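The values are calculated or read from the model by the stated rules, or taken from the named source; none is laboratory data. Keep in mind that what you see is a predicted model, and the values were worked out from it rather than measured. Glycine gets a Cβ as well: all are built from the backbone with ideal geometry, and neighbour counts include every protein chain shown. Side chains are part of the model used for accessible areas, which takes the heavy atoms of the whole protein and leaves out ligands, DNA and RNA. Shrake-Rupley method; radii C 1.70, N 1.55, O 1.52, S 1.80 Å.
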Amino acid sequence: GAGVSQTPSNKVTEKGKYVELRCDPISGHTALYWYRQSLGQGPEFLIYFQGTGAADDSGLPNDRFFAVRPEGSVSTLKIQRTERGDSAVYLCASSLGARTEAFFGQGTRLTVV
Amino acid sequence: KNEVEQSPQNLTAQEGEFITINCSYSVGISALHWLQQHPGGGIVSLFMLSSGKKKHGRLIATINIQEKHSSLHITASHPRDSAVYICAVWYTGNQFYFGTGTSLTVIP
């Protein structure tokens with residue numbers, strides 16, 4: 001596609017459930033980033049992929065969060081046993097390589113009730 | 001510490017006014033992004049720059065590497081410019097560090 005696509009755009013889930021958020025980056029972009037933005041806050045880094053590998057997952061808050069990018073394109077952020085504090089907008093960005101111009105998706109708004 | 005500070009935090013302007021938003025960072029960087037975020041919307045990249053000045057339409061971004069400072073200027077502001085403007089910097093690692101954003105409201 002022409003831009004970074006994230007699905008779903010909105011997700012409401014019950015506390016304790018499992019969710020998957022998808023990011024489809026711009027074709028050919030090897031670098032992919034996940035960020036989380038809570039209301040009124042700036043984006044918070046979660047994880048960075050270079051190709052298929054997670055080059056930096058230091059931002060994942062705990063072991064309930066996991067992300068994969070098995071073929072080096074689409075990435076899935078997985079959250080187990082969701083908690084109300086996980087409610088946020090999850091942003092994905094991609095770029096041609098490390099430290100080049102990044103392009104952001106529209107985000108997935110996750111609400112845990 | 002990798003800090004990114006923006007000012008002002010909130011800004012209200014009359015249509016047509018010239019607007020400046022500032023961004024300061026704490027250590028040397030490889031590049032800086034100016035981003036725009038509309039309410040409920042995703043983030044759009046306005047500029048990426050590592051030196052000098054860039055211009056797109058009514059938007060101008062400048063960066064002074066020695067002073068660790070960048071500015072975003074909007075000329076002839078319009079209500080559709082109302083958004084949150086975020087400065088994000090690359091340090092030497094693998095992630096952006098984001099400023100807290102400047103919420104701009106342009107009144108007709």
Query raised in the report: Could you name the lysines in cross-link range of A:Lys17, using Cα to Cα under 28 Å and dropping any fewer than eight places away on the same chain?
Result: A:Lys78
Query raised in the report: Over chain B, what is the mean sequence separation of C-alpha contacts under 8 Å (at least six apart), divided by residue count, expressed as relative contact order in percent?
Result: 38
Query raised in the report: Could you give the alpha-carbon Rg of chain A over 2.2 N^0.38 Å, rounded to two decimals?
Result: 0.98
Report task. Per residue of A:43-56, count partner chain C-beta atoms within 10 Å of its C-beta, then hand back the mean as an integer. Result -> 2
Requested in this report: Please calculate the 1.4 Å probe accessible area of A:Val74, with all protein chains present, and give it to the nearest 10 Å².
Outcome: 40
Requested in this report: May I ask you to derive the FRET efficiency for B:Glu15 and A:Thr100 from their Cβ-Cβ distance with R0 = 41 Å, giving the value to the nearest 0.05?
Outcome: 0.70
Report summary line: Within 10 Å of the Cβ of an average residue in B:42-50, the count of other chain Cβ atoms is 5
Report task. Could you work out, residue by residue across A:102-109, how many beta carbons of other chains sit within 10 Å of that residue's beta carbon, and then give the average as an integer? Result -> 4
Report task. Calculate the all-directions average of the projected area of the protein assembly as shown's alpha-carbon convex hull, and give it in nm². Result -> 12.0
Query raised in the report: Which lysines have a Cα less than 21 Å from the Cα of B:Lys53, not counting those fewer than 8 places away in the same chain?
Result: B:Lys68
Requested in this report: Any chance you could check the Cα centroid distance between segment A:70-100 and segment A:1-28 for me, in angstrom?
Outcome: 8
Report task. Mind jotting down the three principal axis lengths of segment A:45-89 based on Cα atoms? Whole angstrom, largest first. Result -> 31, 19, 18
Query raised in the report: What ranking, highest mean first, results for peptides B:46-55, B:21-30 when packing means the other Cβ atoms within 10 Å averaged over each residue?
Result: B:21-30, B:46-55
Query raised in the report: Over chain A, what is the relative contact order in whole percent, taking alpha-carbon pairs under 8 Å and six or more residues apart?
Result: 37
